[in-house]
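Below is one structure, written out as structure tokens, with a few remarks after it.
The values are calculated or read from the model by the stated rules, or taken from the named source; none is laboratory data. Source: prediction; values computed, not measured. Note that each Cβ is placed from the backbone with ideal geometry, even for glycine, and that neighbours are counted across all protein chains shown. In case anyone asks, the SASA skips ligands and DNA or RNA and just uses the protein heavy atoms, side chains included. Shrake-Rupley method; radii C 1.70, N 1.55, O 1.52, S 1.80 Å.
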Number of protein chains: 2
Amino acid sequence: MSVITDTVRNGVDTERMFATLDLIKAQPELAKFQFRATNRWLGGAHNRSTIKEFYAAGGEDTSRIQAFQIDAGEPAILLGTDTGANPAEYLLHALAACLTTSIVYVAAARKVELTSVESTLTGEMDVRGALGVDPEPRNGFERISVSFRVTGNAPEEKLREVVERARKRSAVYDMVTNGVPVALDVATD
Amino acid sequence: MSVITDTVRNGVDTERMFATLDLIKAQPELAKFQFRATNRWLGGAHNRSTIKEFYAAGGEDTSRIQAFQIDAGEPAILLGTDTGANPAEYLLHALAACLTTSIVYVAAARKVELTSVESTLTGEMDVRGALGVDPEPRNGFERISVSFRVTGNAPEEKLREVVERARKRSAVYDMVTNGVPVALDVATD
């Protein structure tokens, strides 16, 4: 086996991972990232985000060749035509994806080879809040439940430690559980 | 013009909208919704959510014909191969989509015909947090900026009121700014 093969675990190049961590430790200013999305309304509950550019490690990214186009919608009962998952469902996807990638990266760093990572997420919502029918229920999910099933070449205790460390480091888990300040401005011409 | 045409504004059937609101006022138990996502790891930073079933208005939805498959990834600098937008970018998309749909629905209810709704979102992140390099920066975005441009057949003041009401009712804006309790459980077999 070549050295290169040995450094890849769970599809993550751990040599590059540790080199990145060392670089950011040495030059903390490289840790400033900015992610972006632009969105455009297409009619009714249909809108589309375009995601491509971001700022990372001291400059604008040039590695992404193509923009991602992501459509949102609502099901019929929420007055849409299912042009895409709805915004609250995308929030569940963001949370699932971030926790999963965190688990995979932490496992790679800790020499755990994973065989599967699956999750099911549910969010409970009383839509009277978002529909403005009743001021009492909040607009968003009252709670979110996440069930992971993680398998790999490590004892149960170690796999649980990996998940716990991933939870502690996940960007979206932090945002969804703790909230983020949002500034909103509007132009009308 | 037929009556049916008159009830559709901004692509939203306002007659159905007001009927839905009346029904939920009369039977608040119909307001209990549950949205779901399942996610599966596909290697490295690549994972995919499947979104289809949800519970709404007293029963399991049967209207959605197809599942949505949504791929996540990371760019090269975050050790991925751009198999999709990254989780934090999906959170920006969820926020943009929810605010946009809220603006469109509020405008429809208030007899404002919109001609365009566009937004740009940025999130600032110090990745030392999520990478576990430094305990000080938080994992997620320190702040999110949302810039809307909204045009339609109403004076500026009315358009601004529509955006402000939408912000107050948006499910994802509520979740992102205020946070949501998340319960996480893990199985390892």
| Max mean-square fluctuation residue, GNM over chain B, Cα-Cα springs under 10 Å, options B:Asn86, B:Asn47, B:Asn139 | B:Asn139
| task | Please get the size of the charge dipole for chain A, origin at its Cα centre, with Cβ charges of +1 on Lys and Arg and -1 on Asp and Glu, quoted in debye to the nearest 20. | result | 500 debye
| request: Note down the magnitude of the dipole of the protein assembly as shown about its Cα centre, charges +1 on Lys and Arg C-beta and -1 on Asp and Glu C-beta and zero elsewhere, to the nearest 20 debye. | output: 80 debye
| task | Could you work out the relative contact order of chain A, using alpha carbon pairs under 8 angstrom and six or more residues apart, expressed as a whole percent? | result | 15 percent
| note | Output row for B:Gly43: copy-to-copy label distances, label 7 Å along Cα→C-beta, ascending, in nanometres, one decimal, is 3.9
| field | At 7 Å out from Cα toward Cβ: A:Tyr55 inter-copy label distances (nm, ascending) | value | 4.4
| Where the Cα pairs of the stretch B:23-78 fall when distances are cut into 10 Å bins, in % | 21, 34, 23, 15, 6, 0
| remark: Checked against the positive end of the charge dipole of the stretch B:22-164 (+1 on Cβ of Lys and Arg, -1 on Cβ of Asp and Glu, about the Cα centre), the farthest of B:Thr115, B:Phe33, B:Gly44 is B:Phe33
| request: Take the alpha-carbon centre of the stretch B:124-166, take the same for the stretch A:106-173, and report the distance between them in whole Å. | output: 23 Å
| note | With x for Gly and Pro, the residue-by-residue ³J(HN,Hα) of the stretch B:152-159, computed from phi through the Karplus equation 6.51 cos²θ - 1.76 cosθ + 1.60 at θ = phi - 60° and given in whole Hz, is x, 8, 8, x, 3, 4, 5, 4
| task | Positive end of the charge dipole of the stretch A:1-114 (Lys, Arg +1 and Asp, Glu -1 on Cβ, about the Cα centre): tell me which of A:Ala97, A:Ala76, A:Ala56 has its Cα farthest that way. | result | A:Ala56
| field | the protein assembly as shown - percent of accessible surface contributed by carbon and sulfur, probe 1.4 Å | value | 51 percent
| field | Calculated log₁₀ intensity ratio I(q)/I(0) where the Debye formula runs over C-alpha points of the protein assembly as shown, q = 0.07, 0.09, 0.14, 0.15 Å⁻¹ | value | -0.31, -0.51, -1.15, -1.29
| said: If you restrict to DSSP beta bridges whose two residues both lie in the stretch B:15-107, what percentage is antiparallel, to the nearest 5? | reply: 100 percent
| field | Accessible area per residue in Å² at 1.4 Å probe, computed on chain A | value | 43 Å²
| task | For the stretch A:1-100, state which GluC sites (Glu not before Pro) are in a DSSP loop and have at most 16 other beta carbons lying within 10 Å of their beta carbon. | result | A:Glu53
| task | Nearest 5 is fine: what % of DSSP beta bridges in the protein assembly as shown come out antiparallel, could you say? | result | 85 percent
| remark: The Cα extents of chain B along the principal axes, largest first and rounded to whole Å, are 60, 41, 28
| query | What's the center-to-center distance, using Cα atoms, between the stretch A:66-97 and the stretch B:18-81 in Å? | reply | 7 Å
| request: List, largest first, the extents of the alpha carbons of the stretch B:116-158 along their principal axes, each in whole Å. | output: 51, 16, 7
| message | With a 1.4 Å probe, what is the total accessible area buried between chains B and A, in Å² rounded to the nearest 100? | response | 11200 Å²
| note | Any GluC sites (Glu not before Pro) in the stretch A:90-189 that lie in a DSSP loop and have at most 15 other Cβ atoms within 10 Å would be A:Glu113, A:Glu142
| note | For the stretch A:82-189, the dipole about the Cα centre with charges only on Cβ (Lys and Arg +1, Asp and Glu -1), to the nearest 20 debye, works out at 700 debye
| Tell me, what ³J(HN,Hα) does each residue in the stretch A:16-21 have, in order and in whole Hz, if you take phi through Karplus 6.51 cos²θ - 1.76 cosθ + 1.60 with θ = phi - 60° and put x for Gly and Pro? | 5, 4, 5, 5, 5, 4
